[in-house]
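The values are calculated or read from the model by the stated rules, or taken from the named source; none is laboratory data. Predicted model, so just to flag it, every value in this text is computed and none were measured. All Cβ positions, even for glycine, are placed from backbone atoms using ideal geometry, and neighbour counts span all protein chains on display. Side chains are part of the model used for accessible areas, which takes the heavy atoms of the whole protein and leaves out ligands, DNA and RNA. Shrake-Rupley method; radii C 1.70, N 1.55, O 1.52, S 1.80 Å.
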Amino acid sequence: MKKLIIAIMLMATSTLAFAQSKVYVTREITPESLVRIFEALGCKPEGRVAVKISTGESEKTGYLRPDFIKPLVDKVHGTIVECNTAYAGTRNTSEAHWKTIRQHGFTQIAPVDIMDEEGDMTIPVADSTHLRYNIVGKHLGYYDWMINLAHFKGHQMGGFGGVLKNASIGVASASGKAYIHTAGYTEKVDELWGHVDDQDGFVESMAAAAQAVHNFFGKGERIVYIAVMNNMSIDCDCNANPQKPLIEDYGIVASTDPVALDQACYDIISKIHNDKHNNNKPLLERIAKQHGTHILEWGEKIGLGSRRYTIINIDK
């Protein structure tokens, strides 16, 4: 009997070890395919649903356009949510941000909420290596569910921006952004840029902050992650003048596991065959220079998700 129990325990451990997260993919980038890949996740949001996007620093960036996301936002009766930035630009104050939101057309398709317009609040972190807590927009507490809808591209500081960045930096208030960027050194925006020399600490802090948001929504039971792989510049949508994309549009990727999703996006970029239409070298070099993939390693280490995944193509 003892041998049988040990054998069963070993089998269970083996099953867990080889368990892989499901990552859904469609090569079609349309409003309809965005809804379809969300439906493939099999989730049914209830209550007040936040749809977290980037509203984009300028029209030159690759932020997800209102007409593209409208059918999904309508389907879940969602509210588009964002937070103010921690750098000078078109979104660093609520007044300026509202102007940009209106200019970019988001108020024409759905309710919009700048979550830190009335201040911020702290939520717990499971990983306290650098952060004592996560500082997010106060209005985050209004929502029962979140759809993390990211535009996958490069990023000047993080190497790349996907759903993990959208959950961490994106949901953080301006003070929270300073706190994450400085790996817990300061919450003061005016001190931010003097304390950004700990790159790995910054990346690890992003993972911890993303986990805090994930856990806020029922430890992942009330949040899903979608990344649109188009207009993939080496620069983020927070850069008002990004470099021209050198990679063809790929598709849309979705999962309930944010680590698996960003890992899949990185793997897709890495495996692109370079030809007259594609040159993945600049983006991969930027990711490597900024230790971008460390967020995947750290996210897995702290239990946010798995780097092992199974691709499910919904086009078949």
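Points to keep in mind about this one:
- Count of the stretch 114-130 residues which are more than 19 Å from residue 217 (Cα to Cα) and either charged (D, E, K, R) or outside any loop (DSSP other than H, G, I, E, B) (or both): 2
- Subset of the stretch 63-86 [out of contact with any Asp or Glu (no Cβ under 6 Å at 6 or more places or on another chain), in a loop (DSSP other than H, G, I, E, B) and closer than 18 Å to residue 170 by Cα]: 64, 65, 78, 85, 86
- Scanning the stretch 246-277 for residues that are among the basic types (Lys, Arg) and either in a strand (DSSP E or B) or surrounded by 19 or more Cβ atoms within 10 Å (Cβ to Cβ) (or both) yields a total of 0.
- The set of residues in the stretch 156-169 being within 21 Å of residue 198 (Cβ to Cβ), buried (at least 24 other Cβ atoms within 10 Å of the Cβ) and in contact with a helix residue (DSSP H, G or I) (Cβ under 9 Å, 6 or more places away or on another chain) consists of 158, 159, 160, 164, 165, 167, 168, 169.
- Counting only residues that are touching a residue at least 60 places away in the same chain (Cβ under 8 Å) and assigned to a helix (DSSP H, G or I), the stretch 194-233 holds 17 of them.
Conditions tested, residue by residue: (1) at pLDDT 95 or above; (2) open to solvent by less than 10 Å² (accessible area, probe 1.4 Å).
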position: 11; (1), (2): no, no
position: 19; (1), (2): no, no
position: 22; (1), (2): yes, no
position: 31; (1), (2): yes, no
position: 39; (1), (2): yes, no
position: 42; (1), (2): yes, no
position: 51; (1), (2): yes, yes
position: 59; (1), (2): no, no
position: 77; (1), (2): yes, no
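- Pairs with Cβ under 8 Å, 6+ apart, first in the stretch 34-53 and touching a residue at least 40 places away in the same chain (Cβ under 8 Å), second part of a loop (DSSP other than H, G, I, E, B) and among the polar types (S, T, N, Q): 41/256; 43/256
- Residue that is surrounded by the fewest Cβ atoms within 10 Å (Cβ to Cβ) [pool: residues in the stretch 184-209 that are among the aliphatic types (A, V, I, L, M) and within 23 Å of residue 93 (Cα to Cα)]: 196
- For the stretch 87-97, a residue qualifies if it is in contact (Cβ under 8 Å) with a residue 12 or more places away in the chain, out of contact with any His (no Cβ under 7 Å at 6 or more places or on another chain) and either small (Gly, Ala, Ser) or open to solvent by less than 30 Å² (accessible area, probe 1.4 Å) (or both), and the qualifying residues are 89, 94, 97.
- Residue within the stretch 128-151 that is hydrophobic (A, V, I, L, M, F, W, C), open to solvent by 20 Å² or more (accessible area, probe 1.4 Å) and in contact (Cβ under 8 Å) with a residue 24 or more places away in the chain present: no
- Here residue 243 meets the list (1) more than 22 Å from residue 24 (Cα to Cα); (2) buried (at least 24 other Cβ atoms within 10 Å of the Cβ) almost entirely, failing just condition (2).
- Taking the numbered list (1) open to solvent by less than 30 Å² (accessible area, probe 1.4 Å); (2) touching a residue at least 40 places away in the same chain (Cβ under 8 Å) in turn, residue 108 passes all entries but (1).
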